1. Return yes or no: is A:H32 at pLDDT below 95, surrounded by 18 or more Cβ atoms within 10 Å (Cβ to Cβ), within 10 Å of chain B (Cβ to nearest Cβ) and over 29 Å from B:M62 (Cβ atoms)?
2. If we scan region B:42-54, do we find a residue that is in contact (Cβ under 8 Å) with a residue 60 or more places away in the chain, within 7 Å of chain A (Cβ to nearest Cβ), in a helix (DSSP H, G or I) and within 27 Å of B:L17 (Cα to Cα)?
3. Say we look at region B:6-17 and pick out the residues that are surrounded by fewer than 18 Cβ atoms within 10 Å (Cβ to Cβ) and within 7 Å of another protein chain (Cβ to nearest Cβ); which of these is nearest to the chain's Cα centre (by Cα)?
4. Determine whether B:I34 is in contact (Cβ under 8 Å) with a residue 24 or more places away in the chain, at the interface with chain A (Cβ under 7 Å from one of its Cβ atoms), within 27 Å of B:E103 (Cα to Cα) and not in a loop (DSSP other than H, G, I, E, B).
5. Go through the residues of region A:99-107 one by one and say whether even a single one is farther than 29 Å from A:R205 by Cα, of a type in the set (V, I, T) and surrounded by fewer than 13 Cβ atoms within 10 Å (Cβ to Cβ).
6. Does any residue of region B:64-78 turn out to be at the interface with chain A (Cβ under 9 Å from one of its Cβ atoms) and of a type outside the set (D, E)?
7. Out of (1) of a type outside the set (K, R); (2) assigned to a loop (DSSP other than H, G, I, E, B); (3) surrounded by fewer than 17 Cβ atoms within 10 Å (Cβ to Cβ), the odd one out for A:Y138 is which?
8. Report, ordered by the first and then the second residue, all pairs with beta carbons closer than 8 Å, sequence separation of six or more or different chains, a first member in region B:1-20 that is without any contact (Cβ under 8 Å) to a residue 40 or more places away in the chain, and a second member that is assigned to a helix (DSSP H, G or I) and among the polar types (S, T, N, Q).
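The values are calculated or read from the model by the stated rules, or taken from the named source; none is laboratory data. These figures come from a predicted structure and were not determined experimentally. Note: ideal-geometry Cβ built from the backbone for every residue, glycine included; neighbour counts use all protein chains shown.
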Amino acid sequence: MLFSSKKPHYEHLRKKWTAKHRSLQEKFFDKHSDVGRQIALGSLGSLMLLTTPNATALPGHNLVADSGQITRVKDNNAVLAEDLKDKVPTDMRSLSITEEQDIGTILTESFGFNVSAELQGKRLNRSYGLIGGEQHLYRYPGDNLIKHADNASDWAMYGSSGIAPGLGAWGYFTSSEAQMTSKDIMREKYYIAVQTFLAPGFSERTAEYRDFFKYRKMLLINPKTGQAVVTDIADAGPSEFTGKHLGGSPEVMHAIGLAQGPRKGAVLYFFIDDPNDTIPLGPIKVPEREA
Amino acid sequence: MAFYTKYVVVESLVSELHEMDLSESERAHLSALIDSNLHHQIMDEILSSLSVDDKKLFIKLMEKDPESERLMEFLNGKVDNIEGRIQKVADELVSEMEKDVKEAKKIK
């Protein structure tokens, strides 16, 4: 795809950095051809593709920018989507208890850990709803949008969502940048906002429910594609008048294939029973099933 | 996330780019170039510090899991101050690209 742009500042950088890239690549393959002899050059090239962040956007002669969208997963997650097809309603409505149990069973068997719409006697107002895109959240005092990016491509993909003016439901994730752990980073990266205030029993036992919901892990599934992500509850919302039932961080929306266009779609969201905190946050693939 | 990500600081460079008038695709394009250039520079620094046999072993480890922390453990066992060296080449390239951005901003 050929780019044309009327922005001289952009063209200047594109040409300069493309030339730099060509020169770095040539130097790399010249210097390390000894390894290239043992591993087919194609493999080494593939390795560079595999290990370059956002590999699909590896620059070539006519650079194609990464659209930032995770494409439909062509593996067991697609099989999951098929399994869910007859279980998930075609219209946007709450699931019945039977539907929740059937879907919970499918998800538990697919992923190998307990997944359910109700956990420890508590549930949300619904488990199937419309998700909308949320902004990043401040993780500590002095945090900013740029600091959320691990690399330049992160900024390009997720930076445009912006950062919420207020804090999440639980406040800052940590007290300072120095004390921020990888757990704090992942909690913000893969957070969802759910309507905690509409959960049955919430207003009667607010403190108890607050403790239950705080960073509670939930499995989020795009039933049309099977794309799945382990998320945590880090905010409350959206308001009922929006017509949406939950919100996802920019990374969550990307993981379930809803980061482009209207940034909205139907998702399943079920609790994960993970008392020992062993299930990592982030995109998750359905493992191979044992015969 | 690449195994060397924590040694690479692009904040100042991304801040400069953030102020530029760029479309989504232009932003993605330039970001891909930044990350790929850094990746090549860092990989060159790493492989240049290893013997041929260690290079092959390292590449095999990378093929298994390019994000594994074991990669840094392996390198720390083979190369003195590899973390500092990665940081140095990354910082130099980031500074270079930051200058390019400042130069580009002056173009009308």
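1. In short, no.
2. Scanning region B:42-54 turns up no residue that is in contact (Cβ under 8 Å) with a residue 60 or more places away in the chain, within 7 Å of chain A (Cβ to nearest Cβ), in a helix (DSSP H, G or I) and within 27 Å of B:L17 (Cα to Cα).
3. B:E11
4. When the stated conditions are applied, B:I34 passes them.
5. no
6. Yes.
7. With (1) of a type outside the set (K, R); (2) assigned to a loop (DSSP other than H, G, I, E, B); (3) surrounded by fewer than 17 Cβ atoms within 10 Å (Cβ to Cβ) applied to A:Y138, the lone miss is (3).
8. Nothing qualifies.
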